[in-house]
Each structure stands twice: as structure tokens, then as C-alpha cells.
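J.: Have a look at the structure that comes next, please.
The values are calculated or read from the model by the stated rules, or taken from the named source; none is laboratory data. Bear in mind the structure is a predicted one, so any value in this text is a computation, not a measurement. Positions of Cβ are generated from backbone atoms using ideal geometry, with glycine treated the same way; all protein chains shown enter the neighbour counts.
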Amino acid sequence: MPHDLEGIERSIAAQMPRAVEELSRLVAIPSVAFPGHPEEPVLAAAAATEELLRGAGLPHVRQIPVEGSFPAVFAEAPAPPGAPTVLLYAHYDVQPAGDPALWRTPAFEPTLIDGRLYGRGAADDKSGIMAHVLALRSFEGRFPVGVKVIIEGQEEYAGERLEAFVEKNPDLLRADAIIVADVGNPSVGDAAVTTSLRGLAAFTVEVRALKESVHSGSFGGAAPDALAALIRMLASLHDEKGDVRVPGLPRGVFPGAGPSEEEFRETAQVEDGVSLVGSGSLADRLWASYSITVTGLDVPTVNGAINAVQSVARARVTVRVPPAGDPGRAAADVTDFLRQAAPWGVQVTVTDQVLGSGYLADSGGRARAALDRAMERAFGRAPRDIGAGGSIPLVSTLARQFPAAEILLFGAEDEAASIHAPNERLDLEELRRAATAEALFLAEFGSL
């Protein structure tokens, strides 16, 4: 077991070739836990995760059933006398690959290019699993703290399944500090701790105007078009600047610096000549304010379209909610606004609503102080506080269930990793630094 910080750093650096091979095998498993996708790869990823945790020196590893979901993988090692316990979280399921034509390399054929591993889930969030494994292996089974690990199997598909499990089994996951490795830095090497998460409200809105679609030549100009109605409704959600127009969803203020416009444009790959939307600072827009995105449409495709006035059209709408906001109230405000904006008396139905709470960290205690020192050594700079526009509903559940525990969000992802998008990739040096920071934190937190 390394008894010094340099020993930890050497151990993790020496493990990296093996870790890249293991991560590649894990990424090759298409563990998409969305309905309609095969279950076998998801279960295979659970088994592979279980094997990795056993190999990390944890004496107790098992899969545990989660009602309505895929199994979680749980592992633990008892705390040395007087030492605190740390809970480590990640998830083994991934987003669907999407259109294969948009990938430069096949989504589930992990490919190493210029120090980056490409493949769906390489960053989100199989990098989190490997960061935990690398950190734990550096102690060779003699951990300075009590360790608990929970690796979820259905985080990407919206729903609060593990959250309900945590509420029913609080003693299983109780800890003094919790590391959530499902986030990352603004850019590679720019050390940061995520202290703010937006919540989520998502739903499907359906507009129906006719009993069935009719010929546009014979009926167009008088028959109400469901698709045209839906387009008008969705367009009404934002003003000409791109700010949200829905009453009750005000802009917020983030107490810290966000990316520059140049950095954001490059990371988001905004086309030349296309302006950003909204007003206020980017930190305010991305981390502290409401945003509304149309994430899917059920309409006729251009290829094979016929000349018809559409009887029905559907859209999936996602609302990101500031940490202090109420996702249920936000969903009601947006759906009420859409109904009021519906033209021509079309019928509007809202279904498949999913809600998730946001999170705002406290100022920090001894765990955060230990993490700051660990990250400064691993990254060569002290970490700064950032927000995340995405949602991890489990975090707010953990905060409610374990109010005395410090929750620390950091990891190996970065804003240019293309998570949830084609060509997802992980910078392997970022993985090494994140794992090193985690191991250094465990060593110091156990000695406080």
C-alpha cells in the first residue's frame, strides 16, 4: 500500500495501460437501458462492473435489485477504527448511440486516437467507474477510510428508481462524504468542483386537429394543421433573444465565473455567424436559469413526406430548472403556457412527465478542504466552483437523506467530451488526474 502521496501517484500512473484496456472492454458493451433496447448488454455491463470492483480489493461486492430498474452494483470495505466512510457513485448505463452516420468511429467499438478514447459511454459515465477503480487499487486492499460504492444501471433513462431505493435503504449507503463521479471540468486540466446542478422537468405534448390527415390540395388553407399549430406553440416559448417567455420562470444569478463566449462557442461547436441565445452572463444562463429545449418531434420525415394536412403532431419538451426551483411547478407553468398558446382550438394533451430536483452545495467542510488540496496536487491548480446545466436527481436525494454528509462532484469528463452526442470521447490524462485526485483525497480524509 502506498504510504505517501508520491506512492499513490506512481501507482495510478502504472495502472493506466491496464485501465485503458478495461475501460475499452466496458465501452464495447452497448449498455443502453432505454425501453426498446436489449437487456442483455445492460446486464453484461453490470457483471463487468462487479468484476472490476472485486479486482479493486473490496471484500464485499454484489448486485442488488432496484425495483423497476436494472440492478445496481454495490461494494464496501469496513472503515478502520475511527476513520470516516466515503460513498463512491457512478453509473454503467449509457445514452443510445443515435445516428451511426454521425460517428467518425463506431459508437461501441472503442478507438484510441491521440490520447483520447472514443466510444459511447467512454466519458459518461464509464470513466467514473474506472476513476473509482484506479483510486481504490492504489491502496492494495488496505483503505484509509471505509468505502462504499454504488454503481447505478439506469441513470440515463429519465426516472427516479435508485432515488426510491436510497430512501428505503438509508443505512446501506450512509457515509460521511460522497463522491459523485458523473461530472467533469470545463476543459481538460481546468480543475473544478461542481457545486450547482439544475433540476429537470420533461414531458410529451400532443396536438390533435383532425380525426385523420387529409390531402393538402383539397383541404389545405381551411383545415387546421396540427403540425403548424405545434410549431406556433413551441416558438412562443422564447422571445426574439431566445430568453424564456413563460411567466414564473425568471432568470437567476450564478455566484461565480462561467466560460467566455469564445470558449463556449468552440465547445458547443456553434457555426460561424450564428449567435448565442438568451441574455445575461453565460454562467447565469447555463447554471442558474430556466431553459426549455425541444428534444424530439413526432412528425412526418422529409424523405417520403406526402402532401397532407397533419392530424396529429407530438413534441418532447425538456425544462432545466435552477437548483432552488420546483420542477413540478415549472412543468405546470410551461404546459399551461403551451395550452394558452394553442391556436384554432386544437386539442392539447400532456403525457409522460418526468421530474428531477436540482442541487446546491453548502460552503464546504473538511471533506471539501481535503479535496481542494488533492485536486491542486493532481491538476497543478486549485479547483474552482462551477455549475452544471445537466441534472443528477440522485444528488438531491442523497442531500436530503444524509444532510451531514459532504457531497463532492468531480470527475474525468470535460465540456468537450461530447457526452450524449456523436463522437463521445475521454481524455485519458484527465482520467489519470481525476483518479489521482480521488485517491489523494481518500488518503488525506482518512488521516484527518
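J.: Under 7 Å between Cβ atoms, at least 6 apart or on separate chains: pull out the pairs that start in the range 120-134 with a residue that is within 16 Å of VAL147 (Cβ to Cβ) and surrounded by 24 or more Cβ atoms within 10 Å (Cβ to Cβ) and end on any residue that is at pLDDT 95 or above and among the hydroxyl-bearing types (Ser, Thr, Tyr).
T.: That search, which allows pairs on different chains as well, returns ILE129/THR49; ILE129/TYR92.
J.: Scan the range 272-287 and give yes if some residue there is touching a strand residue (DSSP E or B) at 6+ places or on another chain (Cβ under 8 Å), under 19 Å from ARG329 (Cα atoms) and among the β-branched types (Val, Ile, Thr), otherwise no.
T.: The answer is no; no qualifying residue exists.
J.: Considering PRO96, PRO110, which residue is touching a residue at least 60 places away in the same chain (Cβ under 8 Å), touching a Leu at 6+ places or on another chain (Cβ under 7 Å) and closer than 16 Å to VAL32 by Cβ?
T.: PRO110
Residue-wise test of (1) in a strand (DSSP E or B); (2) under 24 Å from LEU431 (Cα atoms); (3) modelled with pLDDT of 90 or more.
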position	(1), (2), (3)
GLU163	no, no, no
LEU172	no, no, yes
ALA175	no, no, yes
ILE178	yes, yes, yes
ASP182	no, yes, yes
VAL188	no, yes, yes
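J.: Now, a different point. Hey, could you check the range 332-371 for residues that are over 30 Å from ALA229 (Cβ atoms) and free of Cβ contacts under 8 Å to residues at least 12 places away in the same chain and say which is farthest from the chain's Cα centre (by Cα)?
T.: The qualifying residue farthest from the chain's Cα centre (by Cα) is ALA369.
J.: Next question, about the same structure. So, restricting to strands (runs of 3 or more DSSP E) that lie completely within the range 332-448, which ones have at least 2 residues that are hydroxyl-bearing (Ser, Thr, Tyr)?
T.: Result: 347-356.
J.: Report, by residue number, each residue of the range 149-182 that is surrounded by fewer than 23 Cβ atoms within 10 Å (Cβ to Cβ), of a type outside the set (A, V, I, L, M, F, W, C), touching a Ser or Thr at 6+ places or on another chain (Cβ under 9 Å) and under 14 Å from LEU87 (Cα atoms).
T.: Selection gives ARG174, ASP176.
J.: Regarding the range 29-47, can at least one residue be identified that is farther than 23 Å from LYS168 by Cβ, out of contact with any Gly (no Cβ under 8 Å at 6 or more places or on another chain), β-branched (Val, Ile, Thr) and surrounded by 21 or more Cβ atoms within 10 Å (Cβ to Cβ)?
T.: yes
J.: I've got another one for you. Scan the range 79-110 residue by residue and report those that are touching a Gly at 6+ places or on another chain (Cβ under 7 Å) and of a type in the set (Gly, Ala, Ser).
T.: Matches in the range 79-110: ALA79, ALA83, ALA90, ALA107.
J.: Would you mind stating whether GLY256 is small (Gly, Ala, Ser), touching a residue at least 12 places away in the same chain (Cβ under 8 Å) and under 23 Å from ALA361 (Cβ atoms)?
T.: yes
J.: Which numbered condition in (1) outside the structural domain of ASP125 (by TED's automatic domain parsing); (2) within 28 Å of PRO247 (Cβ to Cβ) is the only one that GLY389 fails?
T.: Here GLY389 clears every test but (1).
J.: For GLU76, indicate whether it is of a type in the set (Asp, Glu), assigned by TED's automatic domain parsing to the domain that holds ALA123, surrounded by 14 or more Cβ atoms within 10 Å (Cβ to Cβ) and touching a Gly at 6+ places or on another chain (Cβ under 8 Å).
T.: For GLU76, the condition - of a type in the set (Asp, Glu), assigned by TED's automatic domain parsing to the domain that holds ALA123, surrounded by 14 or more Cβ atoms within 10 Å (Cβ to Cβ) and touching a Gly at 6+ places or on another chain (Cβ under 8 Å) - is met.
J.: Still on this structure, I have one more. Which residues, taken from the range 268-323, are free of Cβ contacts under 8 Å to residues at least 60 places away in the same chain and aromatic (Phe, Trp, Tyr)?
T.: TYR290
J.: Right, something else. Evaluate the following for PRO96: is it surrounded by fewer than 24 Cβ atoms within 10 Å (Cβ to Cβ) and more than 16 Å from the chain's Cα centre (by Cα)?
T.: Taking the combined requirement at face value, the residue does not satisfy it.
J.: Further, regarding this structure: For the range 298-319, which residues satisfy the criterion of being modelled with pLDDT of 95 or more, in contact with a Lys or Arg (Cβ under 9 Å, 6 or more places away or on another chain) and under 18 Å from PHE203 (Cβ atoms)?
T.: VAL312, ALA313
J.: Among (1) outside the structural domain of ALA416 (by TED's automatic domain parsing); (2) at pLDDT below 95; (3) farther than 22 Å from GLY358 by Cβ, there is one condition GLY256 misses while meeting the rest; what is its number?
T.: (3)
J.: Just a yes or no: is a residue in the range 174-183 in the same structural domain as ARG377 (by TED's automatic domain parsing), under 30 Å from ARG381 (Cα atoms) and not hydrophobic (A, V, I, L, M, F, W, C)?
T.: Looking through the range 174-183, at least one residue is in the same structural domain as ARG377 (by TED's automatic domain parsing), under 30 Å from ARG381 (Cα atoms) and not hydrophobic (A, V, I, L, M, F, W, C).
J.: Could I ask something else about it? Among the residues of the range 254-311, how many are over 26 Å from PRO322 (Cα atoms), surrounded by 11 or more Cβ atoms within 10 Å (Cβ to Cβ) and acidic (Asp, Glu)?
T.: 1
J.: Can ASP336 be described as of a type in the set (Asp, Glu) and either in contact with a helix residue (DSSP H, G or I) (Cβ under 7 Å, 6 or more places away or on another chain) or farther than 17 Å from GLY390 by Cα (or both)?
T.: Answer is yes for this residue.
For (1) modelled with pLDDT of 95 or more; (2) more than 26 Å from GLU444 (Cβ to Cβ); (3) surrounded by 22 or more Cβ atoms within 10 Å (Cβ to Cβ), each residue gets a yes or a no:
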{"position": "ALA341", "(1), (2), (3)": "yes, yes, no"}
{"position": "VAL350", "(1), (2), (3)": "yes, yes, no"}
{"position": "VAL354", "(1), (2), (3)": "no, yes, no"}
{"position": "TYR359", "(1), (2), (3)": "no, no, yes"}
{"position": "LEU371", "(1), (2), (3)": "yes, no, yes"}
{"position": "ARG377", "(1), (2), (3)": "yes, no, no"}
{"position": "GLY380", "(1), (2), (3)": "yes, no, no"}
{"position": "GLY389", "(1), (2), (3)": "no, yes, no"}
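J.: Here is a list: GLU444, GLU424. Which entry is in contact (Cβ under 8 Å) with a residue 12 or more places away in the chain and surrounded by 24 or more Cβ atoms within 10 Å (Cβ to Cβ)?
T.: One residue alone meets the criteria, GLU424.
J.: In the range 15-65, which residue that is part of a loop (DSSP other than H, G, I, E, B) and over 24 Å from the mean Cα position of the chain (by Cα) is farthest from PRO106 (Cα to Cα)?
T.: PRO59
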